[in-house]
Amino acid sequence: MVGLDLEDNYEDIISKAMKGSNKKIKTEKIEDICKELNLNLTALKNIRDKKYYPREYNFFRKTNELRVERIQVPFYKGNVNSYLLVKGNKCAIIDTCGDADFVIEKIEELKLKAKFILLTHGHDDHTDGLGKIEDKLKIKVEKKNKINFLGYSIKRISTPGHTADSVTFLVEDFLFSGDLIFAGSLGGGNFSYKKLLESFKKILSLNKNLWIFPGHGPSTTIGQERENNAFSNF
Ligand SMILES: [Zn+2]
């Protein structure tokens, strides 16, 4: 296995689905669990047996056009991710990974000039350090729905569920999904599990070749998540 572990293991997925659908499952049999919780049996089996790991975006690819840098900070048993959307020597920051210093250091290391910040949702692990980044880099959070980044249009898509105002950003073939979608799983339906599933379905209906950059865990694609995400059972 390369890269990061999946954010959620078999038990995490079942516990999220039970909590979301407000059901307690007594059986240990995976077929019954999936039926009860409306989970994708093949996908969940593969995750349980460690047979699913997404083909990741190549972060080492450098071009002068748009590319993505990932900033990872250890968080509980996994990592929290924030990203830089980079064109030439300019960038936009997506989330703060809970620690301004990691973001500022990465931008200095790559000698980039940051234009603005985008936030997928308001949880601390994605927004802590925001004030420091704003002060130090003299930039602000961009709140418009249609955002212009050096001639590229970034679309803010409303994807509630994890929180009421969670959003996903779409630019060219990149999706920054915050805690909506993780490779193989979803973020918790803290606000509404029903809305979380609806938002997931909406994103999965987009082009299968889009790259997904989640708030935790490895990058993936829409196509891979249609097949391999345990919650993809429509
Ligand atoms: Zn969150």
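The values are calculated or read from the model by the stated rules, or taken from the named source; none is laboratory data. Everything quoted here is computed from the prediction, not taken from an experiment. Positions of Cβ are backbone-derived with ideal geometry, glycine not excepted, and every protein chain shown enters the neighbour counts.
Quick check on Lys155: is it in contact (Cβ under 8 Å) with a residue 12 or more places away in the chain, within 16 Å of the ligand (Cβ to nearest atom) and surrounded by fewer than 21 Cβ atoms within 10 Å (Cβ to Cβ)?
Spelling it out, it is not the case that Lys155 is in contact (Cβ under 8 Å) with a residue 12 or more places away in the chain, within 16 Å of the ligand (Cβ to nearest atom) and surrounded by fewer than 21 Cβ atoms within 10 Å (Cβ to Cβ).
Of the conditions (1) surrounded by fewer than 17 Cβ atoms within 10 Å (Cβ to Cβ); (2) without any contact (Cβ under 8 Å) to a residue 60 or more places away in the chain; (3) touching a helix residue (DSSP H, G or I) at 6+ places or on another chain (Cβ under 9 Å), Asn145 clears all except one; give me its number.
(3)
Taking the residues in the range 30-71 that are within 18 Å of the chain's Cα centre (by Cα) and surrounded by fewer than 16 Cβ atoms within 10 Å (Cβ to Cβ) as candidates, determine which candidate is nearest to Leu110 (Cα to Cα).
It comes out as Phe59.
Residues being buried (at least 16 other Cβ atoms within 10 Å of the Cβ), hydrophobic (A, V, I, L, M, F, W, C) and closer than 25 Å to Ser192 by Cβ: count how many of those fall in the range 1-24.
Selection size over the range 1-24: 4.
Within the range 88-95, is even one residue within 17 Å of Ser219 (Cα to Cα), at pLDDT 95 or above and part of a loop (DSSP other than H, G, I, E, B)?
Yes, the range 88-95 has at least one match.
Taking the residues in the range 120-129 that are assigned to a helix (DSSP H, G or I) and in contact with a strand residue (DSSP E or B) (Cβ under 7 Å, 6 or more places away or on another chain) as candidates, determine which candidate is nearest to Ser199 (Cα to Cα).
His126
Looking at Leu85, Leu6, Leu110 in this structure, which one is in contact with an Asp or Glu (Cβ under 8 Å, 6 or more places away or on another chain) and touching a residue at least 40 places away in the same chain (Cβ under 8 Å)?
None of the others qualify; the one that does is Leu110.
State which residue is farthest from the chain's Cα centre (by Cα) when the search covers only the range 74-97 and only residues that are surrounded by 24 or more Cβ atoms within 10 Å (Cβ to Cβ) and of a type in the set (A, V, I, L, M).
Ala92
When you scan the range 109-124, do you find a residue that is within 16 Å of the ligand (Cβ to nearest atom) and surrounded by fewer than 16 Cβ atoms within 10 Å (Cβ to Cβ), even just one?
Yes.
Scan the range 170-189 for residues that are surrounded by 23 or more Cβ atoms within 10 Å (Cβ to Cβ) and hydrophobic (A, V, I, L, M, F, W, C) and jot them down.
Leu175, Phe176, Leu180, Ile181, Phe182, Ala183, Leu186
How many residues are within 16 Å of the ligand (Cβ to nearest atom) and either in contact with a Cys (Cβ under 9 Å, 6 or more places away or on another chain) or under 19 Å from Leu180 (Cα atoms) (or both) when one looks only at the range 125-151?
5
So, in the range 175-234, of the ones that are at positive phi and either within 16 Å of the ligand (Cβ to nearest atom) or at pLDDT below 95 (or both), which residue ends up nearest to the chain's Cα centre (by Cα)?
Looking at the filtered set, the residue picked out is Gly178.
For the range 57-77, state whether one or more residues are in contact with a Ser or Thr (Cβ under 9 Å, 6 or more places away or on another chain), farther than 17 Å from Phe213 by Cβ and aliphatic (A, V, I, L, M).
no
Can you tell me how many residues in the range 208-234 are under 20 Å from Leu41 (Cα atoms) and part of a loop (DSSP other than H, G, I, E, B)?
Residues in the range 208-234 being under 20 Å from Leu41 (Cα atoms) and part of a loop (DSSP other than H, G, I, E, B): 6 in total.
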